[in-house]
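**Student:** Quick one: this structure, given as structure tokens, is what I'll be asking you about.
The values are calculated or read from the model by the stated rules, or taken from the named source; none is laboratory data. These numbers come from a predicted model, not from an experiment. Cβ placement follows ideal geometry from the backbone for every residue including glycine, while neighbour counts extend to all protein chains displayed.
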Amino acid sequence: MSTEIFGFDGVNVWVDGLVRVLLIVGFMTVVVMGLIYGERKILARFQQRLGPTRTGPVGLLQSVADALKLVGKEDLRPRNADAWTFELAPYLVFVPVFLGFVIVPFVLDWQVRILELGLLYFVAVTGINIVGWIMAGWGSDNRYAMIGGMRAAAQGISYELPLVLSLLAVAMVVEVPSDSATGESLRGSLNLNEIIAAQAEIPNLVWQPLVLIVFFIAALAELNRTPFDIPVGESEVVGGPFVEYSGIRWSMFFLAEYAALLIMSLIFAAVFLGGWAWPAGLFQDDPWPRWAQALLVTGKAGLFIFMVFWVRASVPRLRIDQLMSFTWKILLPLMFAQVLINGLVLVYDWPEIVLTVTGLVGVLVLVMAVDRAVRHPRPRPAPATQLEGEAAS
Amino acid sequence: MLPTDQLFSDYVPVLIASIAGFILVISALIGSRLLAPFSEEREKGTTYECGMLPLRRASTNVGNRFYLYGILFIIFDVEAVFIFPWVLTFVGVGPLAYWTMVTFVAILGLGLAYAWKKGALQWR
């Protein structure tokens, strides 16, 4: 078996895979360092500070200095910690995130592999790292870590559902040309390249405005970003599952966090904004050179990343009961409704404008629900001393 | 290419990437082993608890709310897995497939409503 890479034909599949994965490793490391620097700079500007300025020109080498410092730092393991879970947790947090890069479409015809079930693979693989978080929390034998790990699990699994359903809702409406001669087309695809190709005319954000917003919120929660950072909240659980980690092991968690942010942004760009395709069918017949496509993808993904930083600078942390109510009582029913409405429109061949209208109505419902919750916040519920229906003992 | 060959060549990079991910972490740990100082000191091995010594093992009692959410998650995630193949085929099959899924989601929606009414979604 052989395949083609960089114009070389007949390359062995294993060699081809290895070259591509190594390129991704380099790409990821460089971009993550840039993201850390970028986040510190942007956040500093929001707070009217300067951010890093000392290391290198305008502080550009700050991430390199941080990495060197972390490698050279003593790597402690508490005496009470469970050796196996403690040592294995960084692998289980980092490797699933790294696996996500396999399906990310960077430019036209360049990614590690086009998988037919790309989105299913994405949600399946990135879901695993919740196990790593629990292992880190459990293995540390520290109360803060334990609570943080459990919170991470509860939040991760709860927001996984709106995330999966939002990707499904988009996958439903994707139009895939099945027969170029007759112009017939099928609906529904999990292949990211087909999803992007289908957005050459109009990006999905027009058809699915509600899904876009829900995906953004769920992605924030999956990435443990403010306002959904209760698993790692410094003022509550002093860093959550990572309390006991130091030096290089801690930096693995950090790397995984930013790599996950990068993947989410690229998926967001591909699924909702059309990836390397220009909107309105521009340059459809005459695709741009790859560097220009890469710039376009960078711009779209950068928009997502900037919004994440922006939200972090603007919004305070949620309480855990608010956070769980929000996903189970608002996001999940809304996403189910959206999936069923999409199905109705597609099965009975209604005009697609119905999708936009219902999506906007959904956005309105979401905004009103959030507005109501903000105006009339419920007091923190009293801790349950006994289960309902259970006699006091 | 045969379909199985195609599948194999599609998922070879996944295998390579998972091995590469492990090697990345291992090499970072080895690098730290070589560069970082290590010293045996009793106090360093104590659990961090804001200066006090911890009383018992931490991994004892965990709120049962977490398990409730775990159970709810499994139910709805299995449902999502069922929706995945449906998404790709339902337009071709027609209205019957659509209304079947509506029924399925409605039953689970009733389940969610029941959990909501019982207070399982209320964190405390």
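**Student:** Where in region A:22-141 are the helices (runs of 4 or more DSSP H), entirely inside, with at least 2 residues that are at pLDDT 85 or above and over 23 Å from B:Ser32 (Cβ atoms)?
**Tutor:** Here the list reads A:118-126, A:129-139.
**Student:** Right, next: Over 16 Å from A:Ser325 (Cα atoms) and away from chain B (no Cβ under 14 Å) - does that describe any residue in region A:339-352?
**Tutor:** Yes, that holds for at least one residue.
**Student:** While we're looking at this one, here's another question. Tell me yes or no: at least one residue of region B:91-109 is within 25 Å of A:Ala152 (Cα to Cα), among the β-branched types (Val, Ile, Thr) and facing chain A (nearest Cβ under 9 Å).
**Tutor:** no
**Student:** Filter region A:296-333 for residues that are touching a Phe, Trp or Tyr at 6+ places or on another chain (Cβ under 6 Å) and surrounded by fewer than 18 Cβ atoms within 10 Å (Cβ to Cβ) and give the result.
**Tutor:** A:Ala313, A:Asp321
**Student:** Would you call A:Leu22 surrounded by fewer than 18 Cβ atoms within 10 Å (Cβ to Cβ), within 24 Å of the chain's Cα centre (by Cα) and facing chain B (nearest Cβ under 9 Å)?
**Tutor:** So A:Leu22 passes the test.
**Student:** A further question follows. Is there any pair linking a residue in region A:9-33 that is without any contact (Cβ under 8 Å) to a residue 24 or more places away in the chain and charged (D, E, K, R) to one that is surrounded by 14 or more Cβ atoms within 10 Å (Cβ to Cβ) and assigned to a helix (DSSP H, G or I), with Cβ under 9 Å and at least six apart or on different chains, and which?
**Tutor:** If the second residue must be surrounded by 14 or more Cβ atoms within 10 Å (Cβ to Cβ) and assigned to a helix (DSSP H, G or I), the pairs left are A:Asp16/B:Ser9; A:Asp16/B:Val12; A:Asp16/B:Pro13.
**Student:** Six or more apart or on different chains, Cβ under 7 Å: which pairs go from a residue in region A:324-335 that's in contact (Cβ under 8 Å) with a residue 60 or more places away in the chain to one that's of a type in the set (Val, Ile, Thr) and in a helix (DSSP H, G or I)? Could you list them?
**Tutor:** Short answer, once both residue conditions are applied: A:Leu331/A:Val214; A:Leu331/A:Ile217; A:Leu334/A:Val214; A:Leu334/A:Val365; A:Met335/A:Val214.
**Student:** Which condition from (1) within 11 Å of chain B (Cβ to nearest Cβ); (2) farther than 30 Å from B:Met52 by Cα; (3) buried (at least 22 other Cβ atoms within 10 Å of the Cβ) is the one that A:Gln199 breaks?
**Tutor:** Unmet condition: (1).
**Student:** Next question, about the same structure. Could you check how many residues of region B:16-69 are more than 7 Å from chain A (Cβ to nearest Cβ) and either of a type in the set (Gly, Ala, Ser) or assigned to a helix (DSSP H, G or I) (or both)?
**Tutor:** Adding up the residues that qualify gives 15.
**Student:** I'm trying to understand the selection: among the residues of region A:100-130, which are β-branched (Val, Ile, Thr) and touching a Gly at 6+ places or on another chain (Cβ under 8 Å)?
**Tutor:** A:Ile103, A:Val112, A:Val125, A:Thr126, A:Ile130
**Student:** When you go through A:Ala270, A:Ala259 one by one, which is the residue that is surrounded by 17 or more Cβ atoms within 10 Å (Cβ to Cβ), within 14 Å of chain B (Cβ to nearest Cβ) and under 16 Å from the mean Cα position of the chain (by Cα)?
**Tutor:** Sole residue among the options that is surrounded by 17 or more Cβ atoms within 10 Å (Cβ to Cβ), within 14 Å of chain B (Cβ to nearest Cβ) and under 16 Å from the mean Cα position of the chain (by Cα): A:Ala259.
**Student:** Same structure, new question: Residues to consider are A:Gly34, A:Gly26, A:Gly51; find the one that is within 28 Å of A:Val311 (Cα to Cα) and out of contact with any helix residue (DSSP H, G or I) (no Cβ under 6 Å at 6 or more places or on another chain).
**Tutor:** Residue meeting the stated conditions: A:Gly34.
**Student:** Given the conditions (1) in contact (Cβ under 8 Å) with a residue 24 or more places away in the chain; (2) under 19 Å from the mean Cα position of the chain (by Cα); (3) assigned to a helix (DSSP H, G or I), and given that A:Gly362 satisfies all but one, which numbered condition is not satisfied?
**Tutor:** Unmet for A:Gly362, out of (1) in contact (Cβ under 8 Å) with a residue 24 or more places away in the chain; (2) under 19 Å from the mean Cα position of the chain (by Cα); (3) assigned to a helix (DSSP H, G or I): (2).
**Student:** Across region A:93-140, what is the number of residues that are within 17 Å of the chain's Cα centre (by Cα) and either more than 10 Å from chain B (Cβ to nearest Cβ) or closer than 15 Å to A:Ala153 by Cα (or both)?
**Tutor:** Counting residues in region A:93-140 that are within 17 Å of the chain's Cα centre (by Cα) and either more than 10 Å from chain B (Cβ to nearest Cβ) or closer than 15 Å to A:Ala153 by Cα (or both) gives 14.
**Student:** Also: If I ask for residues that are modelled with pLDDT of 85 or more and surrounded by 13 or more Cβ atoms within 10 Å (Cβ to Cβ), which ones from region B:107-124 would you list?
**Tutor:** B:Leu108, B:Gly109, B:Gly111, B:Leu112, B:Ala115, B:Trp116
**Student:** Run down A:Ala67, A:Ala44 and say which single residue is over 21 Å from A:Leu255 (Cβ atoms), crowded, with 16+ Cβ neighbours inside 10 Å, within 26 Å of the chain's Cα centre (by Cα) and not assigned by TED's automatic domain parsing to the domain that holds A:Ser246.
**Tutor:** Step by step, each of A:Ala67, A:Ala44 is checked, and only A:Ala44 is over 21 Å from A:Leu255 (Cβ atoms), crowded, with 16+ Cβ neighbours inside 10 Å, within 26 Å of the chain's Cα centre (by Cα) and not assigned by TED's automatic domain parsing to the domain that holds A:Ser246.
**Student:** Related question: Is it the case that A:Trp133 is crowded, with 24+ Cβ neighbours inside 10 Å and either more than 23 Å from A:Trp84 (Cβ to Cβ) or of a type in the set (Phe, Trp, Tyr) (or both)?
**Tutor:** When the stated conditions are applied, A:Trp133 passes them.
**Student:** Also, quick follow-up: Going residue by residue through region A:220-235, is there one that turns out to be among the basic types (Lys, Arg) and more than 15 Å from the chain's Cα centre (by Cα)?
**Tutor:** The answer is no; no qualifying residue exists.
**Student:** Could you tell me how many of the residues in region A:105-122 are surrounded by 23 or more Cβ atoms within 10 Å (Cβ to Cβ) and either without any contact (Cβ under 8 Å) to a residue 60 or more places away in the chain or under 18 Å from A:Phe215 (Cα atoms) (or both)?
**Tutor:** Residues that pass the stated criteria total 3.
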